[in-house]
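Novice: Please find one structure pasted underneath; my questions will follow.
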Amino acid sequence: MTLLTRLPAQCAPYVAGTFPVPAPVPESADAHAAPNDPRHFPADFPAGFPAHGMSRIWPGLSSLWSRGPWRSGELRVVSCQGAGLVTMGQCFADDRQLRAGLVQAVESDRWEALTRWPGSYLVVVARDDELLAFTDLAGQFPLYYCPVPGRVGFGSQPAVAAAAAGIPVRPDRATLAAQILCPSAGPLLGERSVLDGVHRLGGGQALRIDAAGHPETWTYEPLIPDRHASLADSAEALRTALTAAVGARVDLGERLTADFSGGLDSTSLAFLAAHRTPAPLPVFVYHHPDAPSGDLEYAQRFARLDGRLELTVLPGSRKTLTYHGLDQVRGAGEPEAAAVHGARLRLRLAGIAAGGSTVHLGGEGGDALLVPAAGHLADLARQGGPRTFLRHCREVARARREAPTAVAARALRLSRTSPAEALERLADRLERPSESIPQWLDTIAWWPDPGSEAGWLTGAMRGELAGLARSRARTGTVTPGLGVGDRTALTELRIAATVQHQLSETARGFAVWPQAPFLDNDVVRACTGLPSYRRADPRTVKPLLGAALAGLVPEPVLTRRGKGNYTAEDYQGARLHAQEIRSVLTGSRLADLGIIDPRAVVGSLDRVLMGIRAPLAALNRLLSAELWLRGLD
C-alpha cells in the first residue's frame, strides 16, 4: 500500500517543521502565488507543506509551524534573543517562568531544566544552529521525526512528520504486527513508528538536530529507581506531587469534573479535587445493566462519603457494547486502543460534556505506576532477601490459586534471564507459534509470550519479526539499574500515555479536555523513584498510593482490592456484532500488507462466539490497526 504525502483537511491540532530551514526559492518562482498557497512561503519545502491554515510559531524562526484550534494553554510560546520555546500539552508554569527558564537554559546550555516545570508536556527549542526537543516522561506528548538528506522533518503526528520531510505515507508492517502481537516487548521496536521511515521520540527522550540536519537522540531522564529510597519518603513525594497536580487543574478556573469508577486511582483524584473546589464536584461512573463491571456499587458507596461529590451514572445499552459502530471510527494519528470501544467512549464523553465539563480528571497511568508487574518477583529474588521473596511467592500464589513452588520457580528462572535472552525466546515463539492461551504464570517474564494469536500472522511476517527480535538481542537492550518490574512499569506507562493522548484527541469533538494527573512528570518521578519490588505488597493492592493519600482519601477507597472488569461487554458485543467484525476482516488491509491471514483471525472469532476463551485483547488491537489503515485510505 503506497499513499501520497498529504495533510488531512480536518485533523487534530499539530506542530510540525523542518530543520534546518530549506533554502529560499528564487523570488520569481513565488511572484504569482496566492497568499494562502503553500508556494507563498519563501522556502523550498516539500510539496503540500506548509499546508493551508498553518502559521509560523515565531515570526523570526520559520522552522516550526502550527495548526489549531488549540485549547486554552495547550500551546505556549515564548522567545528571547536568538531562541524560541514552545510547550505543547499541560505545562503549568506561567509566561514569566517560561521566558526566564529559556534565558537561563540559553546562558547555561542546560536544556533538561526545561522539563522541570509542573505538568506533562512536549518542549521544543529552536535556535539558528540547532533544534532541541524533550518529551514528557510518560510519553503522552510524543514527537515524530523523519531524517532526509540535508534536513529532518518532524511533527506531533506521524503523518505530519512524513509530510514535512516530503516522503510518502506508508505503514510500517513490522510495527503494526508487533503492536498487535506483543505490545509489551518495548525493545523490539525501539523508536520505530507506525509509518515507514518515521521515528517516534517517546517518553523521557530528547532530540537534537544540528545545523547540518543530523539528528541525535538520547534518554535525558531514564527513571532509574533509588534502591536506598524508603516507602515513607516516596509516599511523601507522591502525596506532594499528586496533590499539586490535581490543584493545578482546579486552579485553571475551568468547569471541573472527574471519573468515579470506585477504583483507587480515579476515585482518589476525585476526593483530592473535592477538597480544593468551592462548589460540588460532578463525578461520573459508567454502568451497563446487562454486563455489569462491578464498579457501580463501589462508586455509589464512596460518593456517600463526601457530600461535595455529585455522582452521575452513565447507563450503557446494546448500542454501547464493544464493536458497535466500527464503521464510525475516523482516522487518527496512530491505531487507537479504544477504537472498538468507541460507542461506550462517546457515551461517556457526551454525558460529561452535558454536565458542563471543560477539564475532566481521569486515573490513567495509575495502574502502570502503582501495581507492580508479576516480574517484580524476579527482582525480589535478587534484591529482597530469601524470606521476603518466599513470603511474596506464597501470598501471590494463594491469591492466584497457583502452586507456590511454580511461582517461585518461574521467578528464579526469570532472575537469571537477560532481556537479550528474552528476545531470543520471543523469536523462537514467533517461528513456532503455540496454540495455547497464556496463563497468569506466563506474566512472570520480561514480557508475556504471544499465545494462539501468533498464528494470525503470515509465516513471512512471523519470520520478519523473529529476525527483528534477534537483531535487537544482538545490539543490546539493557538499561543499568532497571529491574524486570521497573522496565515493565515504564512500558505500561508508555501504553497508558498513548491511550490518554488518544482520549484527549477524541474528546475535542465534545469540547472536553481529559487530563491524567498520574502522568505528570513529578508524579512519575515520585513513583518510579522507588524500585518496583518495593512498591509491592501481596496483601495490599497499591501500598504506595495508600501510604501517600492516607488522611486525604477515605480508607475504604484506598483498601478496595478489586476493580471493574469489562470483558463481559466484549463477549456480548462480539456475539451481537459478529457480522460487523467479519465485514472489517473482509478485504483486510492488514492482509493486503502480508501481515495476517484473515481466516485464522475468523477462527478465533468463532471461538469467542461459542463462549470459548480467546485472545480478545489481541483481537481488539488487530481491529484497531485495521480501522487505522482504512483511515489512511
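Where a number appears in this text, it was derived from the coordinates with a stated rule and is not lab data. These numbers were taken from a predicted model, which means no experiment stands behind them. Note: ideal-geometry Cβ built from the backbone for every residue, glycine included; neighbour counts use all protein chains shown.
Novice: Can you find, among Thr475, Ala427, Gly463, the residue sitting farthest towards the positive end of the charge dipole of segment 419-477, where Lys and Arg contribute +1 and Asp and Glu -1 at Cβ?
Specialist: Thr475
Novice: Need one number: % antiparallel among DSSP beta bridges in the chain, to the nearest 5.
Specialist: Counting DSSP beta bridges with both partners in the chain, the antiparallel share is about 75 percent.
Novice: Ok, one more. In whole angstrom, note down how far apart the Cα centers of segment 338-361 and segment 521-542 are.
Specialist: Taking the Cα centre of segment 521-542 as reference, the centre of segment 338-361 is 30 Å away.
Novice: Taking the Cα centre of segment 577-633 as origin, sum charge times position over the Cβ atoms of Lys and Arg (+1) and Asp and Glu (-1), and report the length of that vector in debye to the nearest 20.
Specialist: Computed about the Cα centre, the dipole is about 180 debye.
Novice: Please give the net charge around Gly356, taking every other residue with its beta carbon less than 13 angstrom from that of Gly356, where Lys and Arg add +1 and Asp and Glu add -1.
Specialist: Neighbourhood net charge equals -1.
Novice: Return the calculated 222 nm mean residue ellipticity for the chain, to the nearest 500 deg cm²/dmol, obtained by summing -39500 (n - 2.57) across DSSP H runs with n ≥ 4 and dividing by the residue count.
Specialist: Details: 22 runs with 249 residues, N = 633.
Result for the chain: -12000 deg cm²/dmol, rounded to the nearest 500.
Novice: Next question, about the same structure. Using the crude model of +1 on Lys and Arg Cβ and -1 on Asp and Glu Cβ, and no other charge, please compute the dipole size for segment 486-589 relative to its Cα centre, in debye to 20. Intermediate results must be reported in sequence, preceding the final value.
Specialist: Details: 14 positive and 10 negative charges, 52 e Å.
Dipole about the Cα centre, nearest 20: 260 debye.
Novice: Roughly how big is segment 419-477's charge dipole about its Cα centre, with Cβ charges of +1 (Lys, Arg) and -1 (Asp, Glu), in debye to the nearest 20?
Specialist: That gives segment 419-477 a dipole magnitude of about 220 debye.
Novice: Place a label point 7 angstrom from the Cα of Ser230 along the Cα-to-Cβ direction, then list the residues of segment 535-567 whose backbone nitrogen is under 20 Å away.
Specialist: Inside the label zone: 535-537, 543-551.
Novice: On to the next question. Which one, Gly247, Thr217, Leu231, projects farthest toward the positive side of the charge dipole computed for segment 206-248 from Cβ point charges (K/R +1, D/E -1)?
Specialist: Gly247
Novice: Put +1 on the Cβ of each Lys and Arg and -1 on the Cβ of each Asp and Glu in the chain; which of Ala93, Pro168, Phe284 then has its Cα farthest toward the positive end of the dipole?
Specialist: Ranked along the dipole, the leading option is Phe284.
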